[in-house]
Amino acid sequence: MALPSRDQTFAYENCRDLVEKLDREIDRYCEVAGNDELIEGEPLLKLVDQLKDSAFNASVTAWHLCDWVFNDLTVVQRKKLGFEELGDLQHYARKQCRALYLCRQAATASKHWSVDKHRDPTVQVVVTGETAWTIYFVDEENKVPADQVFMAARDFWDQFIRENGVAKALDDRDVGEAVLARAGP
């Protein structure tokens, strides 16, 4: 049985679904982060791959929530928040949430090989097994565990979406506004 969904979204309907996906990616990362077992060969490769893959997915999901949130905002909400275009929300997210700033750097570099626009050479991502397998974001000279970055990004989006009523369930009063939002600015 097929899941109902918008075309081409793997059954994700709105930004709230993407926040839930981000939460699952964080869980997947935390399942293996901090592992200090003495393992070798294929099991070690599998562990490190899950660590990297889940961190990549969490960074990309956290940053690309900008697209989903922007498209789920109604015309009225966009106007109230001062977001005329996606870049306005992206700028806001980078300024208001350092974790999203870091996720953007990692997501863009991982997805596109490098960061050309808004590149920050003081940000790095380090995958290490020095004491236990983990990933750190190096932000200038501060080492921040990746799970803390991902959780802060998730918390930012969760709060922003809830406080602004983004993609809330429609009732009769919201139908007219939703129709206007789909019509565009």
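No lab work stands behind these numbers, since they all come straight from the coordinates. Just so it is clear, the structure is predicted and the values come from calculations on it, not from any experiment. When we count neighbours, we look across all protein chains shown, and the Cβ atoms used for this are built from the backbone with ideal geometry, even at glycine.
So, in nm, how far is label LEU81 from label ASP158 when the simple model puts each one 7 Å beyond its Cα toward the Cβ?
My value for the distance between the label points is 1.8 nm.
Pairs LYS79/LYS168; LYS21/LYS79; LYS21/LYS80; LYS52/LYS95: which are spaced more than 19 Å apart, C-alpha to C-alpha?
Values: LYS79/LYS168 17 Å; LYS21/LYS79 28 Å; LYS21/LYS80 28 Å; LYS52/LYS95 26 Å.
Check vs 19 Å cut-off fails for LYS21/LYS79; LYS21/LYS80; LYS52/LYS95.
If you add up the charges near ASP158, with Lys and Arg at +1 and Asp and Glu at -1, over every other residue whose beta carbon is less than 12 angstrom from its beta carbon, what do you get? The partial results should precede the final answer.
Numbers: positive: ARG16, ARG154, ARG162; negative: GLU20, ASP23, ASP155, GLU163.
Taking every Cβ under 12 Å from that of ASP158, the sum is -1.
Testing the spin-label approximation: label points 7 Å from Cα along Cα→Cβ at ASP67 and CYS30. State their distance in nm.
So the two model labels end up 2.7 nm from each other.
Quick one: 3J(HN,Hα) in Hz for the range 88-105, Karplus 6.51/-1.76/1.60 with θ = phi - 60°, rounded, Gly and Pro as x.
Per residue, the Karplus-derived 3J(HN,Hα) values read 5, 5, 4, 4, 4, 4, 4, 7, 7, 9, 4, 4, 5, 4, 5, 4, 4, 4 Hz.
Residue separation times 0.36 nm, minus the C-alpha to C-alpha distance between GLN96 and LEU38: what's the value?
Values: separation 58, 0.36 × 58 = 20.88 nm, distance 4.04 nm.
So the extension gain works out to 16.8 nm.
Among residues other than LEU65 whose Cβ falls under 13 Å from its Cβ, what is the net charge (Lys/Arg +1, Asp/Glu -1)? Let's see the in-between values first.
Working: positive: ARG16, LYS21, ARG94, ARG104, ARG154; negative: ASP17, GLU20, ASP23, GLU25, ASP67, ASP72, ASP155, ASP158.
Once positives and negatives cancel, what remains is -3.
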